[in-house]
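As structure tokens, the structure follows; a few thoughts come after it.
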Amino acid sequence: MIPNPARGATDIELSLPAEAAVEAAVYDVSGRRLKSIASGRLRAGTHRLTWDGRDADGHDAPSGVYFVRVDRGAQTEVARIVRVE
């Protein structure tokens with residue numbers, strides 16, 4: 001679950017039924033990748049991923065709509081984040 005609207009850091013909860021290779025990143029509305037928040041193998045269970053509200057260069061992302069995309073094998077999930085500052 002993602003709190004919307006979000007201020008500051010945003011936690012994303014990810015549940016895995018089995019160990020999996022995971023790639024998670026935050027994108028802006030134009031599809032530009034802002035920042036990777038997870039990459040690699042994760043064990044089965046619930047994981048908390050955190051986006052600190054910054055891009056890969058460390059700049060604060062402005063208020064707006066963003067998407068977190070989580071790829072795990074053949075499955076992809078996308079969730080919306082509405083950021084306000």
- Tabulate in residue order the Karplus-calculated ³J(HN,Hα) for region 24-39, using 6.51 cos²θ - 1.76 cosθ + 1.60 with θ = phi - 60°, rounded to whole Hz; enter x for Gly and Pro. 10, 8, 9, 10, 8, 5, 8, x, 6, 6, 8, 6, 7, 10, 6, 7
- Long-range HN-HN contacts of residue 53 with modeled amide H, under 5 Å: 10
- With a 1.4 Å probe and every protein chain left in place, work out the accessible area per residue of the chain in Å², rounded to a whole number. 61
- Express as a percent, rounded to the nearest 5, the fraction of DSSP beta bridges in the chain (both residues included) that run antiparallel. 95
- Would you work out the charge dipole size for the chain about its Cα centre, treating the Cβ of every Lys and Arg as +1 and the Cβ of every Asp and Glu as -1, and quote it to the nearest 20 debye? 120
- Quick one: pull the percent of accessible area on the chain belonging to carbon and sulfur, 1.4 Å probe, ligands and nucleic acids left out. 49
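List the trypsin sites (Lys or Arg not before Pro) within region 4-50 that fall in a DSSP loop (any state other than H, G, I, E or B) and whose Cβ has at most 14 other Cβ atoms within 10 Å.
7, 32, 43
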- Message: With unit charges on the beta carbons (Lys and Arg positive, Asp and Glu negative) and the dipole taken about the Cα centre of region 4-47, which residue among 31, 44, 15 sits farthest to the positive side?
- Response: 31
- Have a look at the chain and give its Rg and Dmax from the Cα atoms, expressed in angstrom. 12.5, 37
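The values are calculated or read from the model by the stated rules, or taken from the named source; none is laboratory data. Computed from a predicted structure; not experimentally measured. So basically every Cβ, Gly included, is an ideal-geometry build from the backbone, and we count neighbours across all protein chains shown. Just so you know, the surface numbers come from the protein's heavy atoms only, side chains and all, with ligands and any DNA or RNA stripped out. Shrake-Rupley method; radii C 1.70, N 1.55, O 1.52, S 1.80 Å.
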